[in-house]
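Novice: One structure follows; several queries about it will come next.
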Amino acid sequence: MDEVRPISGPAAPGLASLFPPGLQAIYGECRRLYPDQANPLQVTAIVKYWLGGPDPLDYISMYRNVGCDAQNVQEHWHYVSFGLSDLYGDNRVHEFTGQEGPSGFGFELTFRLKREVGETAPPTWPAELMQGLARYVFQSENTFCSGDHISWHSPLDNSESRIQHMLLTEDPQMTPVHTPFGLVNFLQIVGVCTEELQAAQQWNGQGILELLRGVHVAGGSWLITDMRRGETIFDIDPHLQQERVDQGIETEGSNLSGVSAKCVWDDLSRPPEDEEDSRSICIGSQPRRLSEKDTEQIREALRKGLEFNTKAALPPINSQRQGHDRPQSRKDSLESDSSAAIVPHELVRTRQLESVHLKFNQESGTLLPLCLRGRLLHGRHFTYKSINGDTAITFVSTGVEGAFATEEHPYAAHGPWLQTKLPKEYSWPEKKLKISVLPDSVFDSPLQ
């Protein structure tokens, strides 16, 4: 449970030495922007996370930002989190790994909310939203980075608003802070409509953020969220979809290299009773888990899918990644810069399959055209990672190196991970490929 109170922290120079250096550093950046707001309202976790409380963020400060007339930026509320980075440096929350790397998870969240006429105090619901995102980061140990999209499927303020999802970008005013415990970046949450989220999924988050910056009522240059916005950028300017998004997908491809999904696959070339080695998931018994190297390869595959390079590559199964940017105790976002193995290693042989049946729920199935048009056509790869287990399905094209699916053997399985190699022509009946888009209920039952 959180409480709202005025901040009483290192805003007073004489008290600065009493506050942890990580906390001080972020306060210092806030004071640079808001020198006249030494004591802003702050949402505070009553029981800190490191004392067993449920909320990972120790504090969320809320500032009144007057905007910028020169840039046509309207007045708004500015929220800043404290807790995703290492505030204390004593291992109570984050492992201290030195000054050169990231502090904690390496970032704090910010949010800019349009100030409504007559509002004298900032709404506190964004603080709970930020706590929810922080809980996800702490529980999954997945990090966020600029350009990421977050499917929320609910109005951010629990109203009837069309703003039901989020993109992440660099905060336009706050600069990265070097603390004694590492570097802290500031990632701003940007509320978006469903159509804008879908465009970000199909093209890339950075492209949609740039379009939002160009439409004042959709955020403007500082990407201020207006929960009362009733039109998408495509409603406001219908040409954006075809001239910018569709053209961007055609010319640049999609930066979406993978999604968490409801999916399974079957090996149709083996008899149904051969459950020991014929299916990607084991029905009625203990499922297999992805090996350490498989997990590394999938994560690296997804990471590389976001890079603007001409040749996509999957690292070989027997490779050992070097130069992790984060300590081994941290997992990584599927769409960021580093990864760490999280599943115990086991030896699993790679099998070539003659015929496979791929099953996706309807939401996942809608991304198949994007997989083909925005990824494989550009020599890239696309992975569906099951949310119900360790099953993974990766589509690879002829431009992807290091895949264990080949032209001769287009279907190959390594434990529960299936790779499917497709040519640029997507009619392939002689290979007996079968893909089904099924209702969610099929995947919610014990037997898929």
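Novice: Being out of contact with any helix residue (DSSP H, G or I) (no Cβ under 6 Å at 6 or more places or on another chain) and surrounded by 24 or more Cβ atoms within 10 Å (Cβ to Cβ) is the filter here; which residues of the stretch 385-402 pass it?
Specialist: THR391, ILE393, THR394, VAL396, VAL400
Novice: Let me ask something additional. Quick check on ARG213: is it open to solvent by 60 Å² or more (accessible area, probe 1.4 Å), touching a helix residue (DSSP H, G or I) at 6+ places or on another chain (Cβ under 7 Å) and at pLDDT 95 or above?
Specialist: When the stated conditions are applied, ARG213 passes them.
Novice: Could I ask something else about it? Output the number of residues of the stretch 232-265 satisfying the condition of being in a loop (DSSP other than H, G, I, E, B), open to solvent by 20 Å² or more (accessible area, probe 1.4 Å) and either small (Gly, Ala, Ser) or without any contact (Cβ under 8 Å) to a residue 60 or more places away in the chain (or both).
Specialist: So the answer is 2.
Novice: Here is a follow-up. Show me the strands (runs of 3 or more DSSP E) found entirely inside the stretch 32-88 where at least 1 residues are farther than 29 Å from GLU100 by Cα and open to solvent by 40 Å² or more (accessible area, probe 1.4 Å).
Specialist: 41-45, 59-65
Novice: Mind listing just one residue for me: the one in the stretch 121-143 that is at pLDDT below 95 and in a loop (DSSP other than H, G, I, E, B) and, of those, farthest from PRO20 (Cα to Cα)?
Specialist: ASN142
Novice: Let me ask something else. Could you list all residues from the stretch 89-113 that are part of a loop (DSSP other than H, G, I, E, B) and not hydroxyl-bearing (Ser, Thr, Tyr)?
Specialist: Within the stretch 89-113, GLY89, ASP90, ASN91, ARG92, VAL93, HIS94, GLU95, PHE96, GLY98, GLN99, GLU100, GLY101 qualify.
Novice: Just one of (1) in contact with a Gly (Cβ under 8 Å, 6 or more places away or on another chain); (2) over 27 Å from LEU368 (Cβ atoms) trips up GLY248, so point out which.
Specialist: Status for GLY248: all satisfied but (2).
Novice: Next question. Taking the stretch 177-193 only, how many residues are outside any strand (DSSP E or B) and surrounded by 21 or more Cβ atoms within 10 Å (Cβ to Cβ)?
Specialist: Qualifying residue count for the region: 2.
Novice: Moving on to the next point. Out of the residues in the stretch 164-176 meeting the condition of being crowded, with 20+ Cβ neighbours inside 10 Å and touching a residue at least 40 places away in the same chain (Cβ under 8 Å), tell me which one is farthest from GLY104 (Cα to Cα).
Specialist: Ranking the candidates gives LEU167 first.
Novice: Could I ask something else about it? Check the stretch 87-99 and report whether any residue there is among the small types (Gly, Ala, Ser) and under 20 Å from the mean Cα position of the chain (by Cα).
Specialist: No, because not a single residue in the stretch 87-99 is among the small types (Gly, Ala, Ser) and under 20 Å from the mean Cα position of the chain (by Cα).
Novice: Hey, another quick one. Which of (1) in contact (Cβ under 8 Å) with a residue 40 or more places away in the chain; (2) crowded, with 19+ Cβ neighbours inside 10 Å; (3) not in a loop (DSSP other than H, G, I, E, B) is the odd one out, the single condition ARG229 does not satisfy?
Specialist: Of everything listed in (1) in contact (Cβ under 8 Å) with a residue 40 or more places away in the chain; (2) crowded, with 19+ Cβ neighbours inside 10 Å; (3) not in a loop (DSSP other than H, G, I, E, B), ARG229 misses just condition (3).
Novice: State which residue pairs qualify: first residue assigned by the TED database to the domain that holds ALA134 and modelled with pLDDT of 95 or more and inside the stretch 105-117, second residue open to solvent by 40 Å² or more (accessible area, probe 1.4 Å) and part of a strand (DSSP E or B) in any location, beta carbons under 8 Å apart, and separation of 6 or more residues or different chains.
Specialist: GLY106/LEU183; GLY106/ASN185; PHE107/ASN185; GLU108/ASN185; ARG115/ARG64
Novice: Looking only at the stretch 350-361, decide whether some residue is at pLDDT 90 or above, under 19 Å from TRP417 (Cα atoms), open to solvent by 10 Å² or more (accessible area, probe 1.4 Å) and outside any strand (DSSP E or B).
Specialist: So far as the stretch 350-361 goes, yes, one or more of its residues are at pLDDT 90 or above, under 19 Å from TRP417 (Cα atoms), open to solvent by 10 Å² or more (accessible area, probe 1.4 Å) and outside any strand (DSSP E or B).
Novice: Also, quick follow-up: Taking into account only those residues within the stretch 196-210 that are open to solvent by 20 Å² or more (accessible area, probe 1.4 Å) and in contact (Cβ under 8 Å) with a residue 40 or more places away in the chain, which is farthest from GLY106 (Cα to Cα)?
Specialist: Per the stated criteria, the residue is GLN202.
The values are calculated or read from the model by the stated rules, or taken from the named source; none is laboratory data. Predicted model only: the values in this text are computed from it and were never measured. Using ideal geometry, Cβ is built from the backbone for each residue, glycine included, and neighbour counts are taken over all protein chains shown. We work out accessible area using only protein heavy atoms, side chains counted, and drop any ligands, DNA or RNA first. Shrake-Rupley method; radii C 1.70, N 1.55, O 1.52, S 1.80 Å.
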